[in-house]
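Just so it is clear, none of the values below were taken in a lab; they were calculated from the coordinates. Here the structure is a predicted model, which is why all the values come from computation and not from measurement. Because the Cβ atoms are built from the backbone with ideal geometry, glycine has one as well, and the counts that use them run over all protein chains shown.
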Amino acid sequence: MSIFKFSLSITICITAILFFACTKLDSNKKLSHNSKDNKKFKDNTLLIKDNNSVNKIHGQVLYLPVYSNVPYYEHGRKFDLSAFVAVHNTDLDNSIKITNVIYFDNDGKFVKNFIYNDTIIKPLGTINFFVPEEDQSGTGANFIVEWVSDSLVNEPLIESVMLGLASGQGLSFSSTGKVIRQLR
């Protein structure tokens, strides 16, 4: 068995275990967004208080790699992948505004702008963008994501997850955005 097939088998097993472990809920403890037991979260209930030890900023431009396909060395083919980009607002109190989510292909050519109007992400909220498996932007495809805030906020987490399932094989991995500009 090749190292690639062995690694792929391990990845699929771990993904399956995590999926089933995360989806099983005790029937007495089901999550509900409408439950009367749900209280509004207040960050003052956390033991560690905001002491300004975390560097807060007003905005960033990030470069985020997204692999539309990866080389598959058997028969010189490529393994097509779908991708999904998530922008997580990690600030407990303030919203952030997403101003650009621009997708480029392997050659750096514009493919698509995923937003046409500024989009607000509330505290601890997330927005997602999807690139289908049929996309052929290449192994060097990437996003430029820009966000701003009127307030000083915690840096959001911006990452991509790629997934391919074909012919009984599976492949998944993730990447994280790299800051290329920052507004303090």
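Limited to the range 75-126, what total is found for residues that are among the aromatic types (Phe, Trp, Tyr) and not in a strand (DSSP E or B)?
Total satisfying the criteria: 2.
What is the number of the single condition among (1) in contact (Cβ under 8 Å) with a residue 40 or more places away in the chain; (2) exposed (fewer than 13 other Cβ atoms within 10 Å of the Cβ); (3) of a type outside the set (Lys, Arg) that LEU81 does not meet?
Looking at each condition in turn, LEU81 falls short on (2).
Being within 21 Å of LYS56 (Cα to Cα) and without any contact (Cβ under 8 Å) to a residue 40 or more places away in the chain: is that true of ILE115 here?
no
Between GLU146, GLU159, GLU134, which is outside any strand (DSSP E or B) and charged (D, E, K, R)?
GLU134 is the lone residue from the list that is outside any strand (DSSP E or B) and charged (D, E, K, R).
If you go through the range 155-173, how many residues are touching a Ser or Thr at 6+ places or on another chain (Cβ under 8 Å) and exposed (fewer than 13 other Cβ atoms within 10 Å of the Cβ)?
The qualifying residues number 0.
Taking interchain pairs and intrachain pairs at least six residues apart, which have beta carbon atoms under 6 angstrom, with the first residue in the range 172-184 and without any contact (Cβ under 8 Å) to a residue 40 or more places away in the chain and under 17 Å from VAL66 (Cβ atoms) and the second surrounded by 11 or more Cβ atoms within 10 Å (Cβ to Cβ) and of a type outside the set (A, V, I, L, M)?
Taking only residues 6 or more apart or on different chains, the pairs are SER174/GLU159.
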